[in-house]
Amino acid sequence: MATDPFWSKPVDEIAQSLSSSVNGLSDRDAQAILQRVGPNRIRSKERVTPLGLFLNQFKSPIILILIFATVVSAVLQDWVDAVIILLIVTGSALLSFY
C-alpha cells in the first residue's frame with residue numbers, strides 16, 4: 001500500500017503528522033524540543049595548526065611505505081638510497097604542505 005507524496009496532502013494533515021500546527025510550534029513545544037535535541041548549530045571543526053597540517057602529509061600509505069623503505073635502507077647501511085628516499089619524502093611533504 002503506497003502512501004501519497006507529502007505535497008499532495010493538505011497542510012493541516014502534514015502539520016499534524018509533524019506534531020505541529022499551521023502556525024508552527026508553540027513556545028512550550030519548541031522549548032521541549034530544544035531541551036531534548038539541543039540547539040540547531042553546525043559544529044565547528046577543530047583548527048589545524050601548521051605543524052599538524054605538515055604532519056598530516058605523512059599519513060598516506062605510499063609515504064609510509066617510503067619511510068619504511070628508508071628505515072630498511074638505513075638498517076642495511078645503504079646510506080645513499082636512504083638519503084635519496086628521505087629527500088623525496090620530505091620534498092613531497094613540503095610541496096603538499098605549501
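Laboratory data are not the source of any read-out in this text; all were calculated from the coordinates shown. In this text the structure is predicted, and so the values were computed from the model without any measurement. Quick reminder, even Gly has a Cβ in these numbers, built from the backbone with ideal geometry, and neighbours come from all protein chains shown.
With +1 on the Cβ of every Lys and Arg and -1 on the Cβ of every Asp and Glu, and nothing else charged, how large is the dipole of the chain about its Cα centre, in debye rounded to the nearest 20? Provide the component values of the computation, followed by the final result.
Details: 8 positive and 8 negative charges, 57 e Å.
Dipole magnitude for the chain comes out near 280 debye.
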**Item:** Helix axis angle, 27-37 relative to the chain longest principal axis, alpha carbon, degrees
**Value:** 30 degrees
**Dipole-positive endmost among SER60, PHE97, SER19 within the chain (Cβ charges, Cα centre)** = PHE97
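On average, how much area does the Cα convex hull of the stretch 12-98 cover when viewed from any direction, in nm²?
Details: hull surface 43.2 nm².
About 10.8 nm², averaged over all directions.
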**Fill in**
With Cα coordinates, the longest principal axis of the chain makes an angle with the long axis of helix 79-97, in degrees rounded to 10, of 30 degrees
